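Student: I am attaching a structure below and will ask some questions about it afterwards.
The values are calculated or read from the model by the stated rules, or taken from the named source; none is laboratory data. It should be emphasised that the depicted structure is a prediction, and the values quoted were computed from it without experimental measurement. We place every Cβ from the backbone using ideal geometry, glycine too, and count neighbours over all the protein chains shown.
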Amino acid sequence: MRRSDEIIFIGLSITSSWGNGHASTYRSLIRGLHQLGHKVLFLERDQPWYASNRDAPILPYCQSRLYVDVDELCARYTPRLRAAAAVIVGSYVDEGRRVCDWVLEHATGVKAFYDIDTPVTVARLQNDSCEYLRASQVPEFDLMLSFTGGPILERLEQDFGAKSARPLYCSVDVDQHQPTGARRDIELGYLGTYSDDRQPGLERLLNEPARRLPKRRFAVVGAQYPEHLVWPKNVQRIDHMAPGSHAQFYGRQRFTLNLTRADMRKAGYSPSVRLFEAAACGTPIISDRWVGIDELLEPGKEILLADSTEDVTRFLENVSDAEAEQIAAAARERICAEHSSVHRAEELEGYLSCVHRSEVRRPLAPVAGVSGERAVAAH
C-alpha cells in the first residue's frame, strides 16, 4: 500500500484562535510532531470570521492550506490524501460528513477522527444531529481519538462500533508557556470564550468573589461575550488575546480560574488547554470539579477545587503567596512531565504505529530534514 511520511489534518482552524480552543490544541500537537521529525499538512476551510482574525497565517512547524469548499478540497488534495501515512479529521469541520466520506473512500494510510468535542458528538450521534460525523462512519475509521478520556471511550466502541477509541488530551507547548516573573497584579483571572453553560460558573466563581472583594483586581479575557452582561467594576474585560500574550497574562495572575463546559464536566476526564497552559506558566489554578481531574493534578497539592463562591473567596483570602507558589510549582512540574507537545505527539505516534503494525504495515518513522516556514495558500 502506497504511503509517505506525511500526516494530514483536516480541522476547524489552526490559523486563527479567535473564539475557539481547537487552534491551540492543534498548534501544540503539531509542533510536537514536527519536533519528532514528522511532516504535517493542515487543511482548513476559509471562513470569514477566522479570516478577519487570523493570528497565525504562517506556521514554522507545518504546512497550512485553506480551501473554499469541499469540492475544491477534493479536487486539489485527493492525490496527496492517498499518499499520506495518516489522515486525521477533526470535529466541527464544516460539511464534516462529506469530508469524512472523502477521507474514508480515498485515504490509504491510517484513517482517524480526532474529536475535540466528544461529549457533544456522542449526544448528537444518538439522534443523528451531528453535522460533522454520522454514526455509520464511526466504525469505518481505524482510530477514534478523543479529547475526553474515561468511560466515554467504551461507549464509542460498544455503542457506536469504533474499532479503537483512544484518549488524546490537549497539551501545552512548554517553550511558549513558562513563568514570566511578572508582577502578580490580578487577584483572579479567567481566559476563555463565552458559552451559555459556562457563564453561571464564571458568575459564581469569579464575578461574585469580585463583588465580595471590591478592592482586589479581577480580569476576564475571551471573545463572544454578550454586550448586555453586567460586570463588577473591579473586573477588567478584554475581548481577545493572541496566544503569544497568554503567558504574560497568566504571569500577572495570583490565581487563575479554570471552567469546564457542561457536557465536558458531566462526562469528566476533559482537561482544557487553558488548564495545561496556566500550569506550565506557573500560575496557581482554582478549578471547577469534575470526575478525573484528580488523575491529572492532585487537589490541595497541585490544584485547588472550588464548588462555590465561598470556596474561591476563602482561597483568595487565606492561601498565602508562598503556599500558592508551591502549588503552582508542583502543577508545572507535573504538566510539563506528562502533557507537553512532544509527550502528546509521542502518544499519537504510538497509536498510529499500532494501526500500522496490526495491518502488517511498517511503523511510522520520523522524517529528517523537515522544511521550515510555509505560507497559507491565497485564493
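Student: Here are the criteria: (1) modelled with pLDDT of 95 or more; (2) in a loop (DSSP other than H, G, I, E, B); (3) over 25 Å from S358 (Cα atoms). Tell me which single one V122 does not satisfy.
Tutor: (2)
Student: Same structure again: Go through the stretch 264-296 residue by residue and tally those that are crowded, with 24+ Cβ neighbours inside 10 Å and part of a loop (DSSP other than H, G, I, E, B).
Tutor: 5
Student: Next question. Report yes if some residue within the stretch 138-146 is at positive phi and surrounded by fewer than 19 Cβ atoms within 10 Å (Cβ to Cβ); otherwise report no.
Tutor: No, the stretch 138-146 contains no residue that is at positive phi and surrounded by fewer than 19 Cβ atoms within 10 Å (Cβ to Cβ).
Student: Which numbered condition in (1) modelled with pLDDT of 95 or more; (2) among the β-branched types (V, I, T); (3) in a loop (DSSP other than H, G, I, E, B) is the only one that V360 fails?
Tutor: Among (1) modelled with pLDDT of 95 or more; (2) among the β-branched types (V, I, T); (3) in a loop (DSSP other than H, G, I, E, B), the lone unmet condition for V360 is (1).
Student: Further question on the same structure: Can you tell me which residue among T108, T25, T118 is touching a strand residue (DSSP E or B) at 6+ places or on another chain (Cβ under 8 Å) and among the hydroxyl-bearing types (S, T, Y)? Lay out the reasoning, then the answer.
Tutor: Details: T108 fails: touching a strand residue (DSSP E or B) at 6+ places or on another chain (Cβ under 8 Å); T25 fails: touching a strand residue (DSSP E or B) at 6+ places or on another chain (Cβ under 8 Å).
Residue meeting the stated conditions: T118.
Student: I'd like the full set of residues that are at negative phi, touching a Gly at 6+ places or on another chain (Cβ under 9 Å) and modelled with pLDDT under 95, limited to the stretch 203-243.
Tutor: Residues satisfying the conditions are A223, D239, H240, M241.
Student: Of the residues in the stretch 118-129, how many are touching a residue at least 12 places away in the same chain (Cβ under 8 Å) and surrounded by fewer than 24 Cβ atoms within 10 Å (Cβ to Cβ)?
Tutor: From the stretch 118-129, those touching a residue at least 12 places away in the same chain (Cβ under 8 Å) are 118-123, 125; that's our starting set.
Right, trim to surrounded by fewer than 24 Cβ atoms within 10 Å (Cβ to Cβ) and you get 119-120, 122-123, 125.
Going through the stretch 118-129 one residue at a time, the tally reaches 5.
Student: Checking the condition within 30 Å of S195 (Cβ to Cβ) and surrounded by fewer than 17 Cβ atoms within 10 Å (Cβ to Cβ), which residue from D69, D46 passes?
Tutor: D69
Student: Sticking with this one: Enumerate the pairs (first residue in the stretch 94-113 and at positive phi; second residue anywhere and of a type in the set (V, I, T) and part of a helix (DSSP H, G or I)) with beta-carbon separation below 6 Å, excluding pairs fewer than 6 apart on the same chain, so at least 6 apart or on different chains.
Tutor: Listed by first residue and then by second, the contacts come to E95/V70.
Student: Out of (1) part of a helix (DSSP H, G or I); (2) more than 21 Å from S28 (Cα to Cα); (3) without any contact (Cβ under 8 Å) to a residue 24 or more places away in the chain, the odd one out for D307 is which?
Tutor: (1)
Student: Still on this structure, please answer the following. Against the conditions (1) in contact (Cβ under 8 Å) with a residue 40 or more places away in the chain; (2) touching a Leu at 6+ places or on another chain (Cβ under 6 Å), where does V273 fall short? Just the number, please.
Tutor: (2)
Student: Looking only at strands (runs of 3 or more DSSP E) that fall completely inside the stretch 46-118, which ones have 2 or more residues that are over 21 Å from L352 (Cβ atoms)?
Tutor: On the way: elements: 63-67, 86-90, 110-115.
Where strands (runs of 3 or more DSSP E) fall fully within the stretch 46-118 and carry at least 2 residues being over 21 Å from L352 (Cβ atoms), they are 63-67.
Student: Ok, one more. For the stretch 136-232, which fully contained strands (runs of 3 or more DSSP E) count at least 1 residues that are more than 20 Å from the chain's Cα centre (by Cα) and over 20 Å from L29 (Cβ atoms)?
Tutor: The qualifying strands (runs of 3 or more DSSP E) are 186-191, 218-221.
Student: Touching a Ser or Thr at 6+ places or on another chain (Cβ under 6 Å), in contact (Cβ under 8 Å) with a residue 24 or more places away in the chain and either in the same structural domain as V220 (by TED's automatic domain parsing) or within 20 Å of G109 (Cα to Cα) (or both), is that true of F9? Before the answer, list the steps.
Tutor: Values: touching a Ser or Thr at 6+ places or on another chain (Cβ under 6 Å): no; in contact (Cβ under 8 Å) with a residue 24 or more places away in the chain: yes; either in the same structural domain as V220 (by TED's automatic domain parsing) or within 20 Å of G109 (Cα to Cα) (or both): yes.
Considered against the rule, which asks whether it is touching a Ser or Thr at 6+ places or on another chain (Cβ under 6 Å), in contact (Cβ under 8 Å) with a residue 24 or more places away in the chain and either in the same structural domain as V220 (by TED's automatic domain parsing) or within 20 Å of G109 (Cα to Cα) (or both), F9 comes out as no.
Residues checked against (1) closer than 22 Å to S272 by Cβ; (2) assigned by TED's automatic domain parsing to the domain that holds S91; (3) touching a residue at least 24 places away in the same chain (Cβ under 8 Å):
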| site | (1), (2), (3) |
| --- | --- |
| E154 | no, yes, no |
| P167 | yes, yes, yes |
| K215 | no, no, no |
| F218 | yes, no, yes |
| E227 | no, no, no |
| N234 | no, no, yes |
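Student: Right, something else. Counting only residues that are within 24 Å of Q178 (Cβ to Cβ) and either surrounded by fewer than 17 Cβ atoms within 10 Å (Cβ to Cβ) or not assigned by TED's automatic domain parsing to the domain that holds A278 (or both), how many does the stretch 315-324 have?
Tutor: 4
Student: Among the residues of the stretch 3-15, write down those that are out of contact with any Pro (no Cβ under 9 Å at 6 or more places or on another chain) and crowded, with 21+ Cβ neighbours inside 10 Å.
Tutor: I7, I8, F9, I10, G11, L12, S13, I14
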